[in-house]
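The values are calculated or read from the model by the stated rules, or taken from the named source; none is laboratory data. As the structure is a prediction and not an experimental result, all values here were calculated from the model. Here the Cβ positions follow ideal geometry from the backbone for every residue, glycine too, while neighbour counts run over all protein chains shown. Just the protein is used for accessible areas: all its heavy atoms, side chains included, with ligands, DNA and RNA removed. Shrake-Rupley method; radii C 1.70, N 1.55, O 1.52, S 1.80 Å.
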Amino acid sequence: QFVDFVLLGEPQNCSNSKAGCDWTELGIGASNSAGELRWCCWEDAVDLGLCQGRPEEWGRLIMNRTRYEGHYRSISVSETGHQEAKVKYGKLDEEKDSGKFVLVMANCNPTGRNLTVSGKYVWHSKHGYLPGDLFGAMYFYMALTIAYVVLFGWYALSMRVYKESTIPIQSWILLTIGIGLMEVFFKGGDYWVWNEDGTRFWFAMYTGVILGVMKRAISRCLVVMVSLGWGVVRDTLSQMRRIIILGSVYALCSAASDVFEIFAIVENETLSINEEEEIFDVVTILTFAVAAIDVTFYMWILDALSGTMQYLENLNQNMKLKRYLRLRFILLLSILFAVVWAVFGIVNNYMETSILLEEQEWAVQAAWEINYVMVMAAVAILWRPNATAKEYAFVMELPSMGQDADYDEGIEMPETNADVLGDDEDKNADSGKTLKIDDAVDA
C-alpha cells in the first residue's frame, strides 16, 4: 500500500477558466471515450482499459509519464502495526514560471488500511511565503497606510491649530480616519509577516478584520450625521441614539460574518463537510442581514440629504447648500463607481475565462478600498478644520431682501439649531421684525 504525492502545475490557459484544467490531459488519471474517469489503477480501471495493472501500477495513482512532467513522491505503508513515516526528499523545487500549482495526495488501495495523513506542508515562491494572489495586496495595503498617515496627520494637525473652532463632527471624521489607518496597517503587517515567516500573525489578522468592521460601521453613521446637517445646520442630533444602535447592529452582524468565514477557511482541514456547510449557511444569513442594514443606511442617507438640502434652499443658505451639493455629487460618483465595478465583478466571475488573472484578483477588493478612501477624503476636505468652522456651522446666512419683504411667512425646517434662530429673532426684534418658525420637521 502506498500514499502518492504529486505536485501538478496547471497551464494558465485552463487554470484561468471556470471549467478548470482537465488533469487527464496533464497526465494525472485517465478517462475513456465514454467519459468514464478513474484516478487509481484498480480492478475497475483495468477492466475499462485505463491502466494495465502491472505490479508497479497496481494500487497507485494513474500517471501518464509522457504527459506528466512534474514531481512525484510516495510513502510505503506496512500492512500491520503502528507506523510513522515522512516523505523522502520532501522538498519539491519547481523552476517553472509563476502559475497555479496543486498538491495531490492519493491512497489508491481500497482494501488496504485506513490512513491518517497529518503534518505540515509549506509553499514558498520566489517572492516569499505569501500566496501569489495576495502578493499585490500586501504592497497595496502598504501604500494605503502611507495615504492614511498623510490624511490623518493633516486633519489632526488642522484640528490642533484651530482647536478653538472645532465642531463635534470633525472629531468623528478624525476617529474614522484613524480606524481606517489602523485597519490597513494591521492587514499590511499580517501579509508582510506571512510573507517573511510563512505563518499568519493571528493578532494582526483578526485585529484588522475587527477594525475594518468598525470603520465601515462608523463611516455609515458619519455619513448619516452629515446628511442630517450636523455641523452645518445643527449642533446636536436628537436621532443620535438611533444612528448608534443601527451602526452597532451592523458592526455585530458584519463582524460575525467575517469571523465565521475566516474560521471556515483556516480550519478547513479539521472541519467536516457538514460543519463547513453549517458555517457557510450562517455566513449567508448574516450576509443578507448586513445587506438589509446597508439598504436602510443608504435610504436614510438619501432621505436626510434631500431634507437638509431642501431646508437650506428654502432659507437661501447658498454657501451651505453648495457644500451639500458637492457632497451629493461625491456620493453619486461613488455609487456610480460601485455599480460599474459590481457589474465588472459579476462579468469577471461568470465569464468562461476571467478578465483578471488569479494573481490580480486582489484588485477587486482594492478598488472598493480606493472608493471608500476617496469618499472619506472628500468628506474630510468639505468639513476640514479652519478658523471659521464653528461660526460657519452655527450662524445663518442672511439673504439680502427688499424693504417690502414679508418676514412673517412660515418656514418648514428639519430639527434646526434653536440657539441660532433665537439670536436671529433677537436681532430682528430690535427693528420691529420677527422671523417665525411654524413647524420643526425631522429630516
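Miscellaneous remarks
- If you go through segment 212-250 and pick out every residue that is touching a Pro at 6+ places or on another chain (Cβ under 8 Å) and surrounded by fewer than 21 Cβ atoms within 10 Å (Cβ to Cβ), you end up with 1.
- Checking each residue in segment 13-34 for being part of a helix (DSSP H, G or I) and surrounded by 15 or more Cβ atoms within 10 Å (Cβ to Cβ) picks out Cys14, Ser15, Trp23, Thr24, Leu26.
- Residues that are over 27 Å from Asp22 (Cα atoms) and either open to solvent by 60 Å² or more (accessible area, probe 1.4 Å) or within 24 Å of the chain's Cα centre (by Cα) (or both), drawn from segment 98-114: Thr111, Arg113, Asn114
- Pairs, first more than 15 Å from Asn107 (Cα to Cα) in segment 46-64, second assigned to a loop (DSSP other than H, G, I, E, B) and aliphatic (A, V, I, L, M), C-beta under 6 Å, six or more apart: Cys51/Ile62
- Some residue of segment 308-331 being out of contact with any Gly (no Cβ under 6 Å at 6 or more places or on another chain), surrounded by fewer than 16 Cβ atoms within 10 Å (Cβ to Cβ) and of a type in the set (Ser, Thr, Tyr): no
- Close pairs (7 angstrom Cβ cut-off, 6 or more residues apart or separate chains): in a helix (DSSP H, G or I) in segment 296-321, open to solvent by less than 20 Å² (accessible area, probe 1.4 Å) and among the polar types (S, T, N, Q) anywhere: Ile301/Ser227; Ala304/Ser227; Leu305/Ser227; Thr308/Ser227
- Members of segment 143-154 found to be open to solvent by 40 Å² or more (accessible area, probe 1.4 Å) and either over 25 Å from Gly247 (Cα atoms) or not in a helix (DSSP H, G or I) (or both), listed by number: Ala143, Ile146, Ala147, Val149, Val150, Trp154
- Among (1) over 24 Å from Gly229 (Cα atoms); (2) surrounded by 14 or more Cβ atoms within 10 Å (Cβ to Cβ); (3) touching a residue at least 24 places away in the same chain (Cβ under 8 Å), the one test that Met351 misses: (2)
- Residue in segment 44-62 that is modelled with pLDDT of 80 or more, on the phi > 0 side of the Ramachandran plot and surrounded by 16 or more Cβ atoms within 10 Å (Cβ to Cβ) present: yes
- Pairs with Cβ under 6 Å, 6+ apart, first in segment 66-85 and more than 16 Å from Asp4 (Cβ to Cβ) and touching a residue at least 24 places away in the same chain (Cβ under 8 Å), second part of a loop (DSSP other than H, G, I, E, B) and open to solvent by 50 Å² or more (accessible area, probe 1.4 Å): none
- Reported count of residues in segment 155-177, each being closer than 24 Å to Glu369 by Cα and either outside any helix (DSSP H, G or I) or open to solvent by less than 70 Å² (accessible area, probe 1.4 Å) (or both), is 10.
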